[in-house]
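Everything on this sheet refers to the single structure shown next.
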Amino acid sequence: MLVKRIFILFGVMVAVMLTGCDRNDIPGIFNGTSPHANERFTASMEWNAAHGYATLRVDDEYKVYVASDSHIEEGKDANLKRFVLAYKADKDCPFAIHLGDMINIRNVHSLFEQDLALEPEGYVKGSDTIFTVAGNHDLFFNQWGEFLKYRHTSTFYVETLSKTSGKKLDFYIFIDSGSGTLGTEQTEWLRQMLAERSQMGYRHIIICTHTHFFEVDMSQGTTSCYALEETTTLTSMFSKYNVSLVLTGHNHHFKENLYGNVRYLTLDALKDDASNAAYLILEVGAGLAYSENKLN
Amino acid sequence: MYICGGMEFKRRIVLLVCGMVAAVSASAAGLSAGFYTALVVAEFLPEYSYNKSWGSMVNFDLKSTLPLGRVFEFETRLQLSTANVHTINIVARPRIPLKTGELFFEAEPYYRIIARDRTHEVAVVAGFGYRFDYLSIMLGWSGRWLVPFNGGGKVEELANIVYRVEVFCRPQQCKWNISACVSNIDDFQIERWQQPLVMIGARYDLFDFLRLSARVECKPTGICHETGSFYGISARLGVGFILN
C-alpha cells in the first residue's frame, strides 16, 4: 500500500510539474519552451535586416535610464509606470533601456506595452524610445512569439552620434541571454561586432543584456548565470575589445565589479514588491557615471 | 503482479542490507576494487569534450590515488587540453570507516589556467560525505578567484555550494560497476551550484593490476532560468594501473 501511495504521490507531482503554473515554467527546466538561443538570434537578425539599426543624434552629454526585472503582472506595475514617466520627463534622456524580465506571468506582454505608452504631464514627444532585451521570464511558456510581436528583436545595436558635430559618440550592443547562454551564432556575431566597432573611435562601448556574469554571493538564491566557460569567454572578449561598461540584471540585487578593466553593473530589480526596487540613471559623456533611484 | 508490498518487500530490504554489510566486510579484507580499498591507482584518461564557448577539444587527464591505510587518501589530478586550458588539483580525503560504508571529508585546492581567455582560476573546496556500496553523497563549499592575466580587477565567488550524488548499480567489490551522478563538480571543473553536470560512469577491473573506465558527462545550461538547453558534453575512456 505504501509503495502504491508513493507512486500516486509521484504521479501527482509529475503532473503538477508538467503543467507548471502561471509564474514558473517547470518543463522549461529540462528544455526551454521558447526557441533556443540560435533560433532566437536568427529571428532577431531577420527583423534587423528588414528594419535596420537605430542611430540616434544626441547631446554630447546625456542620460540613459536603465531598469531591469520589472516582473509586471496585473496590478503590479506601479514601479514600471514610475520608471516610464521618469525617463520621459527627463529632457536629457534620449532613450531608456530595459534589461529583461519585463513580465512575470503569461499573457502580459501587452500590459507592458500599455505602460510604455504612458506620458507625463506636459510631455513633449522625444524621450520615448526604450530598447529592451529578453529575460528568461519573457521566454517562459513559449512566449518568444509574444516578445517578437511587441519588442521585435533581442539582439541589435544602437549608435549615438553628436547632435552638433555628427561625430561618433557611443555604441550600445544588446544581446539575448534569456536562456543563460548566448548560443554559438550570437557569440560569433558579438565577437565580430566588437572587433569591428572597437576600431571605430567610439567613446564608449556598452553591453546590455539580461544575465549577470559573476556569482559573488547568494543574494538571489537559485538565480544562475552562465556556464563558467562562457563567463570567461565573454569577459575576456569584453576586455580585449575595450568595452567600457556591461549592464545586466537577473540577480535582482545591485552589484558592481571591475574585472579585466571592464565595469560590470548588475541592477536592482524594478518589481513592485522588491524592498530594494530601483532603476539606474547613467550619465554618459567623456566619462561614465551612474546613480540609483530607489523606489521603495 | 504486486511484487513490492508486504513480506516480499521487507525480505528484499533485509537481503539488500545484508548484502551491503557483506560487501563492506569483504572490502575490509582487501577484496574490493571500489572506493573502500587502499589501492594505489594511476590512471590515464583521454577525453573528447565540446562546449558552445570553446568548441571541440581533446583533454589528456592524469589521475592518481594514493591511500594511506583505510583512513586517508590523496588524489592528484592533471588535465592538459588542446583548448589551451590546463588544470591541476589535489584532493585530501580523510575517511572514517563505519559498520556500513564510510564517512569522508574532502579538501581540494584547485588551479586552472584558462590561457585561451587569459584568465587564472584558483579555487578551494571543502566538503564531507557518506558513501556505501550503492550510493555516494557529498556536500560542501567552494570559493573561487578569477584573475585576468593583465589585472584590471579580479572577481571573488566565495559563496558556492558543491554537491555530488552518485548511485551505483552493484556493490563496490564487484569487478565492474556502473554509476549515475549529478553534481556541480567533476575531476577538473568546479561549477556554480545552479549549474549541474549529469554523468554516467562505468568501471571494469580487467585484471588485478588493470582497470578500465569510461564516463560520459552532459552539461546543460539555463536550468535555473527554467529555459534549459544543451551546452556541452564530454566522453572519456580510461586505463588505470593498480600499483600495489
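Overview of values
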| item | result |
| --- | --- |
| Number of positions in the stretch A:17-40 that are assigned to a helix (DSSP H, G or I), modelled with pLDDT under 90 and surrounded by 16 or more Cβ atoms within 10 Å (Cβ to Cβ) | 3 |
| Some residue of the stretch A:152-159 being touching a residue at least 60 places away in the same chain (Cβ under 8 Å), more than 17 Å from the chain's Cα centre (by Cα) and open to solvent by less than 50 Å² (accessible area, probe 1.4 Å) | yes |
| Residues (part of a strand (DSSP E or B) and either more than 26 Å from B:HIS225 (Cα to Cα) or open to solvent by 10 Å² or more (accessible area, probe 1.4 Å) (or both)) located in the stretch A:280-296 | A:ILE281, A:LEU282, A:GLU283, A:VAL284, A:LEU288, A:ALA289, A:TYR290, A:SER291, A:GLU292, A:ASN293, A:LYS294 |
| Which listed residue is hydrophobic (A, V, I, L, M, F, W, C) and crowded, with 21+ Cβ neighbours inside 10 Å, from B:ILE190, B:ILE161, B:ILE178, B:ILE200 | B:ILE190 |
| Residue count for the stretch A:67-88, restricted to those that are surrounded by fewer than 24 Cβ atoms within 10 Å (Cβ to Cβ) and in contact with a Phe, Trp or Tyr (Cβ under 7 Å, 6 or more places away or on another chain) | 2 |
| Top-ranked residue in the stretch A:1-16 [being within 11 Å of another protein chain (Cβ to nearest Cβ) and open to solvent by less than 100 Å² (accessible area, probe 1.4 Å); ranked as modelled with the highest pLDDT] | A:ILE6 |
| Inter-residue pairs, beta-carbon under 6 Å, first of a type in the set (Lys, Arg) and in the stretch B:123-144, second open to solvent by 20 Å² or more (accessible area, probe 1.4 Å), 6+ apart | none |
| Lone qualifier among A:ASP176, A:ASP128 - being in contact with a helix residue (DSSP H, G or I) (Cβ under 8 Å, 6 or more places away or on another chain), under 19 Å from B:THR221 (Cβ atoms) and among the charged types (D, E, K, R) | A:ASP176 |
| Residue match in the stretch A:116-135 (condition: part of a helix (DSSP H, G or I), without any contact (Cβ under 8 Å) to a residue 60 or more places away in the chain and away from chain B (no Cβ under 14 Å)) | yes |
| Enumeration of residues in the stretch B:222-244 that are open to solvent by less than 40 Å² (accessible area, probe 1.4 Å), among the β-branched types (Val, Ile, Thr) and assigned to a loop (DSSP other than H, G, I, E, B) | B:THR227 |
| Failed condition for A:LEU139, given (1) more than 14 Å from every other protein chain (Cβ to nearest Cβ); (2) closer than 22 Å to A:HIS250 by Cβ; (3) buried (at least 21 other Cβ atoms within 10 Å of the Cβ) | (1) |
| Among the candidates B:PRO148, B:PRO171, residue that is farther than 18 Å from A:LEU228 by Cα and surrounded by 15 or more Cβ atoms within 10 Å (Cβ to Cβ) | B:PRO171 |
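So that you can scan it fast, the table gives a plain yes or no per residue for (1) on the phi > 0 side of the Ramachandran plot; (2) of a type outside the set (Gly, Ala, Ser); (3) open to solvent by less than 40 Å² (accessible area, probe 1.4 Å); (4) not in a loop (DSSP other than H, G, I, E, B):
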| residue | (1), (2), (3), (4) |
| --- | --- |
| A:SER224 | no, no, yes, no |
| A:GLU230 | no, yes, yes, yes |
| A:LEU234 | no, yes, yes, yes |
| A:PHE238 | no, yes, yes, yes |
| A:VAL243 | no, yes, yes, no |
| A:VAL246 | no, yes, yes, yes |
| A:GLU256 | no, yes, no, yes |
| A:ASP268 | no, yes, yes, no |
| A:LYS271 | no, yes, no, no |
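The values are calculated or read from the model by the stated rules, or taken from the named source; none is laboratory data. It should be emphasised that the depicted structure is a prediction, and the values quoted were computed from it without experimental measurement. Note that each Cβ is placed from the backbone with ideal geometry, even for glycine, and that neighbours are counted across all protein chains shown. These area figures cover heavy atoms from the full protein model, side chains too; ligands, DNA and RNA do not enter into them. Shrake-Rupley method; radii C 1.70, N 1.55, O 1.52, S 1.80 Å.
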